[in-house]
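Have a look at the structure below before the remarks.
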Amino acid sequence: DKDVNTVDTHTRDVDAVVIGAGISGLYAVYKLRARGMSVHGFESAAGVGGTWFHNRYPGARCDVESIDYSYSFDEDLQQEWTWSERFATQEEILAYLEHVADRHDLRSAFEFLTRVVSTVYDEDSGLWTVTTDTGRSVTARFCIMATGVLSATNRPDIPGRDSFTGESYHTGEWPHDPVDFAGKRVGVIGTGSSGIQSIPVIAQEAEQVVVFQRSPNYSIPAGNRPLSDDEQIAEVKATYPERRRLARLSGGGTPFTPYPKGAMEVDEAERRRVYDEWWQRGGYLFAKAFPDQTASIEANDSAREYVESKIRDMVNDPKIADQLIPTDHPIGTKRIVTDDGYFEAFNRDNVALVNLRRTPIAEITADGVRTSDSHYPLDMLIFATGFDAMTGALSRIDIRGRNGRTLREEWAAGPRTYLGLASHGFPNMFFMVGAGSPSVLANMVLMAEQQVDWISDCLDHLDEHNARSIEAGEQAVDEWGAECNEKAAGTLFPSANSWYMGANIPGKPRVFMPYIGGFANYGNICAEVAAAGYKGFDIV
Ligand code: N01
């Protein structure tokens, strides 16, 4: 099996450890090696791919167009690889990442099936000691935390959760062997992106699907289609550099900009025309049709009403439609789901909606789910219950910086970073695509490239100055936190109980975690900090 470890497993010291072999970790290995550094990677899974390794549930796709959700660093790769669909399946994205890993010999850096349990900084030596669940320890000067932002799965503590004796899965830890739904009664808990993508696909095969919905979500049909037109593909490839340039200038890392006027600055007919156009484009980008849509409640209401009427058109039973329409958050302040046939699935005889706001789950039993008014017998129970997002993968590692201070302590009231890249007290440790950066609000692939390129330049700078370490200054962290909060406060996002806010995990601090000032702005700020000699960082 090519996924199994090929690296030598002797303890050795390296220039950098990269934790995680997803999109950002793979590129980090590539780039650091290109600088002549020795790199050792750790990955808890059996292969590369991160998110795309784990999320194999039926219907899993990316909601960013495949031609944009791909690396730009290798022009030959960009020209040679041809995506088969507008929105790629998990399978195709994983095949792509495996191809990239092989093309650049990236697997050889990684020790797979190895989970990092701690990273401890020693001030005297200036080294991090990275220890794994297999008992290995590696020392390194730099630590790149490419641990993913939607990677620590959340199985809520529902009474009786572990007593179910049928098949049980979490969408984010989906098995590699095919799951057979035929003739089975399947319960799905959760109606976020994972639930909404999988429910219509499961419904085609299963005898019955029972959807346990606590909060309805906005979802917009993807408008997916095959990319089989050679002329179109040739056109994209010929204009790739321009497409990437526009993506880097955008708010979200894809080559799209909102309509040039606000939703309330145009008349009803023009507004409708714009919404129609963005509806046709498909998916979550609808949240960005007008620039003020997630900042002004009036603008937001116009988008919400448009989508509500679409949902009513798609669902035959008006009583079911009512329950599928969110009432608890402005549209777009939770990630709008990009679906394929979700609402129509409720027109099928074999799909039932259980509204947990009316009849909450009392317990999970050996053979089903009991709500306050019924027992639903099930053969399979699927947890589409999401993740301890953005900070969960880091807080599951015992990270100790200067003076033995843990990252858990440092971030107890919410993530504290400078530019999302570094934290005070944790020299030579870089966080990839996480809290304090545009992260999940941007195209993850370009996001990862931007940060890794910045880190690589930063390491050049350290070398040029014979510096031993770089650390985020305390004041810079405070100011960046204030900047992130201020940006979020200017939007409607903090009003939603979203995972962006940490609201889905009991006890987690309520802080809007990503930087919402835009992908291009963020890139400019990072570039300015570098140009000013890494202003705000302490370099010694
Ligand atoms: O997770 P979620 P997800 N009892 O947290 C419910 C990306 N992604 O895996 O809202 C009952 O969104 C919870 O209910 P509530 C994307 O960024 C992208 O679906 O807390 N229900 C909610 O309905 C996405 O936003 C794609 O009331 C419980 C659901 O579980 C992010 O990943 C595909 C519960 C969790 O939804 C996470 O998506 C997949 C309980 N105790 C994922 N606890 C693409 O399309 C939780 N829930 C690219």
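Observations on the model:
- Helix-only [θ]222 nm of the chain, DSSP H runs n ≥ 4, -39500 (n - 2.57) each, per residue, nearest 500: -9000 deg cm²/dmol
- Degrees separating the helix 23-34 axis from the principal Cα axis of the chain, which is the longest one: 20 degrees
- Beta bridges per DSSP with both ends in the chain, % antiparallel, nearest 5: 40 percent
- For the pair the stretch 470-540 / the stretch 104-147, the C-alpha centres are spaced 26 Å from each other.
- Computed with a 1.4 Å probe over protein heavy atoms only, the accessible surface of the stretch 445-536 comes to 42 Å² per residue.
- Set of the stretch 238-262 residues, backbone N closer than 13 Å to the point 7 Å along the Cα-Cβ line of Q232: none
- Couplings 3J(HN,Hα) for the stretch 518-524, derived from phi with the Karplus relation 6.51 cos²θ - 1.76 cosθ + 1.60 (θ = phi - 60°), are x, 5, 5, 4, 4, x, 5 Hz, where x marks Gly and Pro.
- Near G41, the amide H atoms lying under 5 Å from its own belong to V18, F110, E111; only residues 5 or more places off or on other chains count, and H is placed 1.01 Å from N.
- Normalised contact order of the stretch 262-327, rounded percent, pairs of Cα under 8 Å and 6 or more residues apart: 27 percent
- Under Karplus coefficients 6.51, -1.76 and 1.60, residue-wise ³J(HN,Hα) of the stretch 401-418 in Hz, glycine/proline x: x, 4, 6, x, 6, 8, 5, 4, 5, 4, 9, 4, 9, x, x, 10, 9, 10
- Amide hydrogen neighbours beyond the local backbone of T371, cut-off 5 Å, H modeled: A362, Y376
- Taking 0.36 nm per residue of separation and subtracting the Cα-Cα distance, full extension of the segment from A34 to T134 would add 33.1 nm.
- S215 long-range amide H proximity, modeled H, under 5 Å: T191
- Calculated FRET efficiency for the pair R357/R161, C-beta based, R₀ 22 Å, to 0.05: 0.65
- Computed from point charges on the beta carbon alone (+1 for Lys and Arg, -1 for Asp and Glu), the dipole magnitude for the stretch 292-382 about its Cα centre is near 160 Debye.
- Portion, in percent, of the accessible area of the chain that falls on carbon or sulfur, probe 1.4 Å: 47 percent
- Where L249, L285 fall by accessible area, highest first, once all protein chains stay in place (1.4 Å): L249, L285
- Cleavage-rule hits, trypsin sites (Lys or Arg not before Pro), the stretch 345-428, DSSP coil, Cβ neighbours within 10 Å at most 13: R357, R358
- The value of relative contact order for the stretch 351-475, using C-alpha pairs under 8 Å at least six residues apart, is 16 percent.
- Histogrammed with a bin width of 10 Å, the alpha carbon distances of the chain distribute as 4, 18, 28, 27, 17, 6, 1 percent, first bin at zero.
- Summarised as an ellipsoid, the stretch 115-157 has semi-axes of 25, 12, 9 Å, derived from the eigenvalues of the Cα gyration tensor scaled by 5 and square-rooted, with the largest first.
- All Cα-Cα separations within the stretch 368-428 were binned at 10 Å from zero, giving a P(r) of 17, 36, 13, 15, 15, 3, each value a whole percent of the pairs.
- Compared with the rule-of-thumb size 2.2 N^0.38 Å for a compact globular protein, the stretch 485-540 has a Cα radius of gyration ratio of 1.47.
- Filter on K487/K508; K334/K487; K261/K288; K237/K288; K288/K334 - keep pairs with C-alpha separation over 19 Å: K487/K508; K237/K288
- D267-R103 FRET efficiency (beta carbon distance; Förster radius 56 Å; 0.05 resolution): 0.60
The values are calculated or read from the model by the stated rules, or taken from the named source; none is laboratory data. Remember, it's a predicted structure, so these values are computed and weren't measured experimentally. With ideal geometry, Cβ positions are generated from the backbone for all residues, glycine too; neighbour counts draw on all protein chains shown. Calculation scope for accessible area: heavy atoms of the full protein, side chains included, ligands and nucleic acids excluded. Shrake-Rupley method; radii C 1.70, N 1.55, O 1.52, S 1.80 Å.
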